[in-house]
Amino acid sequence: MAMTVLWCCMVGVSVLFGALGGTLDTVSAAALSGAASAVTLCLSMAGVICLWTGVMEVMERSGLAGKLARLFRPLLRRLLPRASRDEETLSAVSANVSANLLGLGNAATPLGLKAAARMAKNSGGVASDELCLLVVLNTASIQLVPATVASLRAAAGCGTPFDILPAVWLTSLLALAAGLGMAALLRRLPCFREGRP
């Protein structure tokens, strides 16, 4: 709702200043040009998303995704010991981390939601520390192959969309370390321990 109001206000202010400044024709031309660019970007993004979703499907059917998920299980068992007791939850979390590692946020989201729903059972309406940690892992994930960002760059006309890899690796690693560190710090504060399941 807030975004709708914000966008309506931006459009209204643009039209108002265009009318007051006598440049309403320029405002309308920019709006049409922006709409055309948005459609072009959406179509090119849809193609790239289909490609990477297909890659993820091939990985799942070949068993490679399962092997990658099993690779993370020892680490996830240490980070999420209570959730690890349920094999289906651990499987969803492992698959979510694997998809995020490949930069497939659109494939990772349903897996993360499934894991979060299973972890939220019997929590009494309060997010557990492990559920908060899952959100941190999902939000600040390490991305080996930033497929979505690379596809955006390619759609914008970049000739080398993957030349950002070292920067993505470094920033995603630092973001994950900061998120895990903050989660560990907040877990120890008494005000955040109250009401925890």
Lys/Arg Cβ at +1, Asp/Glu Cβ at -1, dipole of the chain taken about the Cα centre: which of 146, 62, 26 is farthest positive-ward? 62
Carbon and sulfur %, accessible surface of the range 39-147 computed with the full protein complex present, 1.4 Å: 66 percent
For the chain, with a Gaussian network of springs between Cα atoms less than 10 Å apart, report the residue from 139, 23, 53 with the top mean-square fluctuation. 23
Report the relative contact order of the range 1-151, percent, no decimals, based on alpha-carbon pairs under 8 angstrom and at least 6 residues apart. 20 percent
For volume of the Cα convex hull per residue in Å³, the listed values are (1) 124; (2) 107; (3) 170; which was obtained by calculation from the structure presented? (3)
What is the gain in length, in nm to one decimal, between residue 33 and residue 6 on full extension, counting 0.36 nm per residue of separation less the C-alpha to C-alpha distance? 7.6 nm
Only sites in a loop by DSSP and with at most 14 other Cβ atoms within 10 Å count here; which trypsin sites (Lys or Arg not before Pro) in the range 114-165 make the cut? 121
For a label point 7 Å along the Cα-to-beta-carbon line of residue 152, residues of the range 80-110 with backbone N under 14 Å: 103-106
For the chain, set up a GNM with springs between Cα atoms under 10 Å and report which of 183, 36, 115 has the largest fluctuation. 36
Listed residues 93, 178, 166: farthest to the positive end of the dipole of the range 59-184 (Cβ charges): 93
Helices from the chain with mean Kyte-Doolittle at least 0.0 and a Cα length along the axis of 30 Å or more, per DSSP H: which? 24-62, 165-188
Candidate cut points under trypsin sites (Lys or Arg not before Pro) in the range 14-111, DSSP loop plus at most 16 other Cβ atoms within 10 Å of their own Cβ, are 82
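The values are calculated or read from the model by the stated rules, or taken from the named source; none is laboratory data. Please read all numbers here as calculations on a predicted model, not as lab measurements. Cβ coordinates were reconstructed from backbone atoms using ideal geometry, including for glycine residues, and neighbour counts include every protein chain displayed. Only protein heavy atoms, including side chains, enter the accessible area calculation; ligands, DNA and RNA are left aside. Shrake-Rupley method; radii C 1.70, N 1.55, O 1.52, S 1.80 Å.
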